[in-house]
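Read-outs throughout are calculated quantities, based only on the coordinates presented, and are distinct from any laboratory measurement. Just so you know, these numbers come straight off a predicted model, no measurement behind them. Cβ: placed from backbone, ideal geometry, glycine included. Neighbour counts: every protein chain shown.
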Amino acid sequence: MAAEIIDGKAFAAGLRSRVAAGVAAMKEAHGLTPGLAVVLVGEDPASQVYVRNKGRQTVECGMLSFEHRLSAEASEAEILDTVARLNADPQVHGILVQLPLPAHVDAEKVINSIDPAKDVDGFHISNAGLLATGQKAMVPCTPLGCLMMLRDRLGSLSGLHAVVIGRSNIVGKPMAALLLRESCTVTVVHSRSRDIEALCRQADILVAAVGRPRMVTADWVKPGATVIDVGINRIDAGEGKTRLVGDVDFDSVAPVAGAITPVPGGVGPMTIACLLANTLTACARANGLPEPEGLAA
Ligand code: GUN
């Protein structure tokens with residue numbers, strides 16, 4: 001039986017409309033408009049596309065959008081100064097510094113200079129620590145989006161074996177922490193793991209976040225498993241063209257899995273929707289207001 005295709009695009013549209021409703025309610029009841037500031041350093045074309053999409057979607061759901069563009073030669077001190085001004089700005093509830101930063105900048109130092117309460121990416125060391133210890137945190141957007149889709153499909157995740165492929169600070173580690181908090185049995189595999197295929201074949205939930213095109217094939221997947229593909233890899237499609245593929249070989253895995261996210265149209269659209277959700281949550285927390293339901297982890 002073919003897997004259910006998890007429609008991340010539709011899921012994200014639903015989440016964005018709940019965020020928009022929460023924003024409208026916050027304006028109406030408290031005269032507050034959540035604001036998201038994005039800092040972009042340099043001219044990286046992919047980053048420019050992300051930032052443009054973020055700005056558009058922020059405005060579409062009724063929030064204030066602030067963009068700070070700095071040249072690729074901007075000094076670390078200039079970037080830290082920009083973040084400090086945003087930390088102090090009461091109209092800004094969420095701050096995102098677009099990554100990657102130029103090589104001469106210490107990205108960790110910049111990220112850790114963001115007020116943790118405004119760290120809507122959830123990359124600050126305080127938020128990573130809060131999440132790892134099961135406390136209320138700002139949760140990184142991509143793992144948050146994956147969790148929302150998993151809960152929607154599976155209900156309770158308690159007792160399920162989740163295997164996360166990849167150990168990045170942005171996806172793998174926070175994903176593992178979230179799944180542990182859901183009472184999954186969690187295995188994290190990475191480039192040095194032995195017999196990755198056999199470990200993956202045990203998974204009820206398989207999350208692939210390694211950045212290796214179509215690495216996960218059908219023989220890695222337990223029949224009926226829920227497969228979440230975080231990979232976004234651009235590959236050569238011949239005749240001078242490129243196409244996007246995930247870390248999962250969709251065509252071979254879809255007939256085996258119980259459910260699977262496609263690329264594009266799976267996890268990707270959820271990331272920005274979760275950023276907007278985090279901004280609304282941050283605004284509510286900053287003002288001591290009840291958090292809109294169903295937006296945080
Ligand atoms: N670059 C690509 N994706 C992201 C993201 O989610 N957050 C930040 N800060 N930079 C990125």
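Per-structure values
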{"item": "Relative exposure of ARG18, ARG151, judged by other C-beta atoms within 10 Å (fewest first)", "result": "ARG151, ARG18"}
{"item": "Gyration tensor (Cα) of the stretch 1-88, equivalent ellipsoid semi-axes in angstrom", "result": "30, 22, 9"}
{"item": "Amide H contacts under 5 Å for LEU70, placed H, 5+ residues apart", "result": "LEU40, VAL41, GLY42"}
{"item": "Computed helical MRE - 222 nm, the chain, DSSP H runs ≥ 4 contributing -39500 (n - 2.57), nearest 500", "result": "-12500 deg cm²/dmol"}
{"item": "SER113, SER158 arranged by Cβ crowding within 10 Å, fewest neighbours leading", "result": "SER158, SER113"}
{"item": "Share of alpha-carbon pairs per 10 Å distance bin for the stretch 42-128, given as whole %", "result": "16, 50, 33, 2"}
{"item": "Lysines whose Cα lies under 24 Å from that of LYS118, excluding same-chain neighbours fewer than 8 positions away", "result": "LYS27, LYS54, LYS109, LYS136, LYS173"}
{"item": "P(r) of the stretch 24-173 over all Cα-Cα pairs, binned every 5 Å from zero, in whole percent", "result": "2, 8, 15, 19, 20, 16, 11, 6, 3, 1"}
{"item": "Kyte-Doolittle mean at least -1.0, axial Cα span of 24 Å or more - DSSP H helices of the chain", "result": "8-30, 267-286"}
{"item": "Normalised per residue, the volume of the convex hull around the Cα set of the chain (Å³)", "result": "135"}
{"item": "Euclidean distance between Cα centres, the stretch 3-25 to the stretch 94-135, Å", "result": "25"}
